[in-house]
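Single-structure report; data block below.
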Amino acid sequence: MSQVFNQANLLFLLNGMKLTLIIALISIVLSIFFGTILAILRNFSNGILGKVSTVYIEVFRNTPLLLWILSIRFLVPIPPMYSGIVSFTLFTSAVMAEILRGGMNSVSDGQYEAAYSQGFSKLQTLKYIILPQSFRSCIPTFLSQSVTVIKDTSFLWVVGIEEFTGKGMIIMGSFKSSYQVFLLFGALAATYFIINFAISCSVRTIKTVY
């Protein structure tokens, strides 16, 4: 066991987890931002922008994430970490858009009518009334999707990005027994579980509050 969890290996894995969390966090923040724009366009634009947002959302929601990871990594000349962020942002923005669109659709029509009757423009109604309520109701689902993003960063090892799972695969190459491999992957699974279970617990707490 000491050969598996020596100081060098633990520091190596810690760096991988740091990269995993950086990619996941940046991707989630960007996805919520772009997903909000997509949701607004799909719900309230009847022109070309609304159609483009609809096509974007449907294409990314109905194709594999791994396809986009491979495409961005090998077709776009950017550093590996950035390719991971871009691919996750492109894919997850479509998911976040549908989550937020569901939140916006849950706001009653009466609130739109009340806002317009008070002289609010469509933009002001979105900004001050609809979006705040929508975001509040979508927080648990956003966090649940964040768990998925953190887990799915393990796909990045396929394109040579040394995140947490990737670091584990590199260490595994120096092992000589299946016992060591079992210990290593057990530790990786336990780490993912602890992080994501903590987020899942916060989701349940927020659902209770809201």
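List of remarks:
- In segment 69-82, the count of residues that are of a type outside the set (A, V, I, L, M) and under 23 Å from Phe135 (Cα atoms) is zero.
- Boolean, Leu100 is in contact with a Leu (Cβ under 9 Å, 6 or more places away or on another chain) and either at negative phi or acidic (Asp, Glu) (or both): yes
- Only one of the listed residues (Ile194, Ile199) is out of contact with any helix residue (DSSP H, G or I) (no Cβ under 8 Å at 6 or more places or on another chain) and closer than 27 Å to Ser31 by Cα. That residue is Ile194.
One line per residue, one yes/no per condition, for (1) surrounded by 15 or more Cβ atoms within 10 Å (Cβ to Cβ); (2) touching a residue at least 24 places away in the same chain (Cβ under 8 Å):
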position	(1), (2)
Asn9	yes, yes
Phe12	yes, yes
Leu19	yes, yes
Ser31	yes, yes
Arg42	yes, yes
Asn46	no, no
Tyr56	yes, yes
Arg61	no, yes
Leu67	no, no
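- Residues located in segment 178-203, provided they are more than 25 Å from Gln7 (Cα to Cα), among the aliphatic types (A, V, I, L, M) and in contact (Cβ under 8 Å) with a residue 12 or more places away in the chain: Ile199, Val203
- For segment 73-84, the condition of being open to solvent by less than 20 Å² (accessible area, probe 1.4 Å), assigned to a helix (DSSP H, G or I) and either over 22 Å from Leu25 (Cα atoms) or of a type in the set (Asp, Glu) (or both) holds for none of the residues.
- With respect to being within 22 Å of Ile199 (Cβ to Cβ), hydroxyl-bearing (Ser, Thr, Tyr) and at pLDDT 95 or above, Thr92 fits the description.
This table checks each residue for (1) at pLDDT below 85; (2) more than 18 Å from Ala39 (Cβ to Cβ).
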site	(1), (2)
Ser121	yes, yes
Leu131	no, no
Cys138	no, no
Asp152	no, yes
Val158	no, yes
Ile171	no, yes
Ser177	yes, yes
Gly186	no, yes
Ile206	yes, yes
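- Listed by first and then second residue, the pairs linking a residue in segment 156-167 that is without any contact (Cβ under 8 Å) to a residue 60 or more places away in the chain to a residue that is open to solvent by 10 Å² or more (accessible area, probe 1.4 Å), with Cβ atoms under 7 Å apart and 6 or more places separating them unless they lie on different chains, are Trp157/Thr165; Trp157/Met169.
The values are calculated or read from the model by the stated rules, or taken from the named source; none is laboratory data. Note that the coordinates shown come from a computational prediction; the quantities given were computed from them, not determined experimentally. So basically every Cβ, Gly included, is an ideal-geometry build from the backbone, and we count neighbours across all protein chains shown. The accessibility values were calculated without ligands, DNA or RNA, using every heavy atom of the protein model including side chains. Shrake-Rupley method; radii C 1.70, N 1.55, O 1.52, S 1.80 Å.
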